[in-house]
1. Label-point separation (nm) for residue C:135 and residue B:72, each offset 7 Å from Cα along Cα-to-Cβ?
2. How are the alpha carbon pair distances in region B:75-153 distributed across 5 Å bins from zero to the largest one, expressed in percent?
3. When Cβ neighbours within 10 Å are restricted to other protein chains, what is their mean count per residue of peptide C:130-142?
4. Can you pull the one-decimal nm distance between simple spin-label points at residue D:97 and residue C:205, each 7 Å off the Cα toward Cβ?
5. Using a Förster radius of 51 Å, what is the FRET efficiency between residue C:33 and residue B:151 based on their Cβ-Cβ separation? Nearest 0.05, please.
6. Since chains B and C are linked by a rotation, which residue in B has the beta carbon closest to its axis, and how far is it in Å?
7. So for B:67, B:118, fewest C-beta neighbours within 10 Å to most, what's the order?
8. Could you give the angle, 0 to 90 degrees to the nearest 10, between helix C:127-150's Cα long axis and the longest principal axis of the Cα atoms of chain C?
DNA sequence: TATGAATGAGCTTTCATTCAT
DNA sequence: GATGAATGAAAGCTCATTCAT
């Protein structure tokens, strides 16, 4: 609303975006505010005109990034009628997201988890943000599954365990992303996921 | 050979063990060498008699811990004849390992992943150690599966994809551990894993 | 002359007044120009339209405050005929001044002393301002005493030492203000001063 | 007791002593830890081996200094039989203490008062230390006065108000010290005090 | 072997001040 | 006349590492 506020918000996002790349590359601890300032093309102390602390930069940057991610996931899968296709589109979107190189989302997830877990981490006292995000991802998957059940495409008995199934699917995707990040055989990653999903779909199809 | 070498190795392990707990609790970056020395009951500079750097302590500690872990996994599952039971024992051992409180293995895995991924991390130039470990876990699972195939308990067609299946199973276990670490509903963790494994076994049983 | 000049002066005083409260509350060093600007309801850089530096704000603010103080002291005591009563009115005015809560004059005096004494303090190179003020207070007391002598109410021999006596009285008032500021038994403050003054008056009365 | 502790304590005192001079000269805020380190002939970070913060250096330094001051005052006046002489010795010691150039005690008192008064000052949450000190000085004076009363040298009626009298005497000494620090006519300082004390003694002598 | 002591390099953060608009 | 934006300089503090003993 206020005409003054927008440029400030805009710049906040610019700084946060620059920071996100560094955090993904080197991690939170190893990224200095000076590096963030350099990457954003401003002076070190200027950063503090927009954020009260390094921690806040991280939280803001991650928040922006995750919100955008969730938004895209929802958008991509929203209007598709066929549940199997919808599930496939969801998986394709996940794979696409994980394929991005800059900033590498797998590294970011690792960093976020770290900062959520460790005492004194940037998200340690804000787990709720991370939990919310995970919950929303689960809800998205659960929604697709229940939609499939109601359209008599997926087996009716999965309705009862839909939340467990969604969590397990996301846990797998988390884990396999991490695995290939460390193993670095990126080319096999998609095959591997496809193989998993094939079994997954088979198991829930009527 | 040298009679002095043995006590040196012993003490290395003592220090590494003390360090491991701190690394798991607070993370690598937030653990200072002084804290490690205190925990090991020695002077700060004495630590440098046994390790050339903080990084080396981490690598050594993690190495010890993982080697022990793998050894235990192999031991537990080695001599069991029934493939289904063997798989269940494997899963039970994994769950038991993940249940340990001190040092929390889930946090350690997160920290290890972090240090493997991030530029300048302690394992960044030693990914091979972490990869080896993952490979050995995969081999263990693959071994169980192939054993089941050859005993005509598991479907023969899984033999072709045994490596993919093993990787996927471990990825899931990784991911679900992380999930519950962040969501903190520990009590549901075992249920969730059991639910997954039930579907998994059903899918591979003849 | 210039019609613009007057509003400028007005605003200077407004800013200085706002600053004075902050200086009294938190001290010179701990008060930032931003806080002063906020308190004055203007932008930070606008402050620099009216003052060339933070130091100048302090000097101006203190100057205004002290000038007003002296003026009031003189006004209150000017027209009283009876020397004893005049002295009492003077003391009563001092006590009243020291009782003010916002801005606390004792804290201000402490801050002024500090800034006068310490190398690089705001008044370090302008001691003359503070000295002038002290001199004028002394002169006021001396005037009261000499008036009493000439009216044959105070002992004639004090005339010779009138300046010493005045300085000592003011030194005492300074010191006792500070004492009670630190000891925080404000309620006893007036009793203590009255006790002192009683002795003082007895000693100089014929 | 512990043989390790003593050298540490010794060095603490050395650093504190070096710091005291700087604090007296430039004030607490304007003295940087680096300057303290330089003055003590050690590296900046070495200071933090001995003190956890700059504030603690100040508190320690002031504490040492004040304890020594009180000790000397007590020593000087302890064994004197004649109450008038004892009072004079007390005053002489005060004057001597205030005459010291390095570190200037008057400046230090000003700085201590400042740090006691201002929110967030080094002594703000430790007023009790400063109050204790003031109380001990008062007790010393009160002791001298009561001794004089019991020896029938000082008027018996002062016994009732001994505490008030002591406070007033010290307030005066505080104030006059400050006065001459600002006015810088040091040479007149002693005359002025002597003049005051002469009147003071006359008033209490039988 | 063991360590107390020392430190340099680097971090996050603050703030008085400048300047284009 | 007023200010939002930017910043250089400096502060307090941490910590892995070195070294003499």
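What follows draws every value from the coordinates through simple rules; no lab data is involved. Because the structure is predicted, anything quoted here is derived from the model rather than measured. Cβ sites come from the backbone with ideal geometry, for glycine too, and all protein chains shown count toward neighbours.
1. Modelled inter-label distance: 8.5 nm.
2. Per 5 Å bin, starting at 0, the Cα pair percentages come out as 3, 14, 17, 18, 16, 14, 9, 6, 2, 0.
3. Working: counts 2, 4, 0, 1, 3, 1, 0, 0, 2, 0, 0, 0, 0.
Neighbouring Cβ atoms belonging to other protein chains average 1 per residue here.
4. Those two pseudo-labels are separated by 3.5 nm.
5. Working: r = 81 Å, r/R0 = 1.59.
Result of the calculation: an efficiency of 0.05.
6. For chain B, the closest residue to the axis carrying it onto C is B:30, 15.
7. On the way: B:67 12, B:118 24.
Fewest to most other Cβ atoms nearby, the residues stand as B:67, B:118.
8. 20
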